[in-house]
Amino acid sequence: MAVAAVVALALLCSKHVKAVAVPVTNPRCIDLTLPVSATSQNAIYDIPRVGSTIDAVSYELDLDTRTSPKDRLLRNITVSGTYDIAAKLCVPKDGKKKDLLHIATHGGVFDGRYWDAEIDPKQYSYVENVLDAGYSILTYDRLGNGGSDKPDPYKVNQLPMAVQILRGITKMARDGELMQYASSGSKAPSAPKFNKIIHVGHSLGSITTTGLITTYGNESDGAIITGFIPTFSFPAPTIGFDLHLASEYNPELFGDYPNGYFISSTQSAIQANFFSSRRNHTAGIGGFTPELLQYGDSIKSPFGVAELISAGQLNLGLAPDFKGPIQWMLAEYDWLVCGGDCRGTADMDVLDTLYPAVAGKEVYIQTGTGHGLPLHRNANTGFKVSLDFLDRNGL
Ligand SMILES: *[C@@H]1O[C@H](CO)[C@@H](O)[C@H](O)[C@H]1NC(C)=O
Ligand SMILES: *[C@@H]1O[C@H](CO)[C@@H](O)[C@H](O)[C@H]1NC(C)=O
Ligand SMILES: *[C@@H]1O[C@H](CO)[C@@H](O)[C@H](O)[C@H]1NC(C)=O
């Protein structure tokens, strides 16, 4: 995959702000700090050091330059560690499906809050809709983001490591180990034994999830892949993110991010990459209010220099052992992933070839919507499409 396309995909998702632990207000939820041990095959890449906002812009131009090398991998390295991952587990008290756990992985530019909008949760929060449908859900801040550890962004925080972190979290959930890591003061809902795990992703988080199910197919019971499809990629320019060094941009919020972590600085950049004003008036879906855009801008979060580039190291193709079901949920007017129009980007024959063991597969396009799917009007119509799909397919 071209670096620019990977970059674009990588930047698509995210939610929490730093160690400012967002208080859990939902009585169905509990904060966790999961010590996840992981070993990953990472790489040393030929990428510029980013120690200032001036460097961040140089990095964007370096990636976007038409004659820049496509392959920047210099050598492979093995990285091991135990990383603290900030997570939130929500369990509906009388939920009919509370032994089925969604594990949601956000994309670049946001943190875990991406899944749980505080504005009108019934309409915009995936977490709220999943709980109301009776399932449990775990959201987390990806490595290098929000309340999670922020390791070396050049060598450690790469997508193969993100896959191993997701895998580690999944194993802890299956083994019934989550509750022992509840933050003190957090009041525990009683967590059942989780019998099945459904992996949900957005953008870079969908790429991470795809990397999991292609390589460790038996460790997932179903997937909802939003804002990414393996049959199409668009080389969205990195410069469109208007990246600033995170710690320079807002020392109060992002002072604990080392050099090599940056943030999409302006609300206009957030709008261009994540929002679409092309509301479908017939369906009453899509478009956004100024309040939604401001909210999206307020929950943006940094990401690291090697995350986008290292997506090229993942297997995003054949998933021989994954039995599904799987749904790809695209936004009709997604700029980052589809160049502004996702219609016609899915190739069912190719998807059938890549996922030979899956019976239940579907591609759905949420009309009137941009890349940040939950931040558009009537986002819950899309959530319901995904939840109905799972239900129809035995989950
Ligand atoms: C790195 O590892 C990959 C996968 O094992 C391999 O295909 C590639 O040739 C290696 N690259 C280098 C520079 O050693
Ligand atoms: C998946 O398969 C591997 C290798 O056969 C096995 O070690 C592991 O326990 C399996 N995991 C699950 C969740 O079934
Ligand atoms: C609006 O949504 C409806 C219902 O999903 C669809 O049939 C129609 O094609 C959409 N219109 C546009 C312009 O996309």
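The values are calculated or read from the model by the stated rules, or taken from the named source; none is laboratory data. Values in this document were obtained by computation on a predicted structure and should not be read as measured data. Every residue, glycine among them, receives a Cβ derived from its backbone with ideal geometry; neighbour counts consider all protein chains shown. Calculation scope for accessible area: heavy atoms of the full protein, side chains included, ligands and nucleic acids excluded. Shrake-Rupley method; radii C 1.70, N 1.55, O 1.52, S 1.80 Å.
Of the residues making up segment 247-284, just one is aliphatic (A, V, I, L, M) and within 16 Å of ligand 3 (Cβ to nearest atom), namely ALA283. When THR39 is tested against the conditions (1) closer than 22 Å to ARG142 by Cα; (2) among the hydroxyl-bearing types (Ser, Thr, Tyr); (3) more than 16 Å from ligand 1 (Cβ to nearest atom), the lone failure is (3). Applying a threshold of 6 Å to beta carbon distances and a minimum spacing of six or more residues, or different chains, the list of pairs starting in segment 100-115 at a residue that is among the charged types (D, E, K, R) and ending at one that is open to solvent by 10 Å² or more (accessible area, probe 1.4 Å) reads ASP111/HIS16; ARG113/HIS16.
Can you confirm whether segment 323-336 contains a residue that is small (Gly, Ala, Ser), more than 16 Å from ligand 1 (Cβ to nearest atom) and over 19 Å from ILE207 (Cβ atoms)? Looking for residues that are small (Gly, Ala, Ser), more than 16 Å from ligand 1 (Cβ to nearest atom) and over 19 Å from ILE207 (Cβ atoms), one finds none in segment 323-336, hence no.
For segment 29-59, the set of residues classified as touching a helix residue (DSSP H, G or I) at 6+ places or on another chain (Cβ under 9 Å) and open to solvent by 60 Å² or more (accessible area, probe 1.4 Å) consists of THR33, SER37, THR39, GLN41, ARG49, listed by residue number.
Note on segment 62-100: among residues that are touching a helix residue (DSSP H, G or I) at 6+ places or on another chain (Cβ under 8 Å) and acidic (Asp, Glu), the one that is surrounded by the fewest Cβ atoms within 10 Å (Cβ to Cβ) is ASP71.
Tell me which residues, restricted to segment 115-127, are in a helix (DSSP H, G or I) and open to solvent by 30 Å² or more (accessible area, probe 1.4 Å). Those that are in a helix (DSSP H, G or I) and open to solvent by 30 Å² or more (accessible area, probe 1.4 Å): PRO121, LYS122, GLN123.
Going through segment 253-264 one residue at a time, which ones are of a type in the set (S, T, N, Q) and either in contact with a Ser or Thr (Cβ under 8 Å, 6 or more places away or on another chain) or on the phi > 0 side of the Ramachandran plot (or both)?
Initial filter on segment 253-264 (of a type in the set (S, T, N, Q)): 259, 264.
The one that is of a type in the set (S, T, N, Q) and either in contact with a Ser or Thr (Cβ under 8 Å, 6 or more places away or on another chain) or on the phi > 0 side of the Ramachandran plot (or both): ASN259.
Criterion applied to THR282, THR231 was being under 26 Å from ASP388 (Cα atoms), in contact with an Asp or Glu (Cβ under 7 Å, 6 or more places away or on another chain) and open to solvent by 10 Å² or more (accessible area, probe 1.4 Å), and the one residue passing it is THR231. When residues of segment 155-181 are filtered for being among the polar types (S, T, N, Q) and within 14 Å of ligand 2 (Cβ to nearest atom), how many remain? Qualifying residue count for the region: 1. Taking segment 361-387 as the range and being in a helix (DSSP H, G or I) and either crowded, with 20+ Cβ neighbours inside 10 Å or more than 15 Å from ligand 3 (Cβ to nearest atom) (or both) as the test, the residues that pass are LEU373, PRO374, LEU375, ALA379, ASN380, GLY382, PHE383, SER386, LEU387. Once segment 308-360 is narrowed to residues that are within 16 Å of ligand 2 (Cβ to nearest atom) and open to solvent by less than 60 Å² (accessible area, probe 1.4 Å), the residue that is farthest from the chain's Cα centre (by Cα) is ALA357.
Annotation: of all residues in segment 268-303 being polar (S, T, N, Q) and within 10 Å of GLY370 (Cβ to Cβ), the one that is farthest from ligand 1 (Cβ to nearest atom) is SER277. When both residues are 6+ apart or on different chains and their Cβ atoms are under 8 Å apart, which pairs have a first residue that lies in segment 262-278 and is more than 12 Å from HIS376 (Cβ to Cβ), and a second that is hydroxyl-bearing (Ser, Thr, Tyr) and surrounded by 24 or more Cβ atoms within 10 Å (Cβ to Cβ)? Listed pairs, sorted by first residue: ILE263/SER301; ILE270/SER264; ASN273/SER264.
Per the conditions (1) open to solvent by 10 Å² or more (accessible area, probe 1.4 Å); (2) assigned to a strand (DSSP E or B), the sole criterion not satisfied by GLY168 is (2). When each of THR226, THR238 is tested for being within 17 Å of TYR126 (Cα to Cα) and either within 16 Å of ligand 1 (Cβ to nearest atom) or out of contact with any Pro (no Cβ under 7 Å at 6 or more places or on another chain) (or both), the lone residue that passes is THR226.
If the condition is being among the aromatic types (Phe, Trp, Tyr), under 17 Å from GLU362 (Cα atoms) and not in a loop (DSSP other than H, G, I, E, B), then segment 288-345 contributes only TRP328. Taking the conditions exactly as written (polar (S, T, N, Q), under 22 Å from ILE30 (Cβ atoms) and without any contact (Cβ under 8 Å) to a residue 40 or more places away in the chain), does SER190 satisfy them or not? Taking the combined requirement at face value, the residue does not satisfy it.
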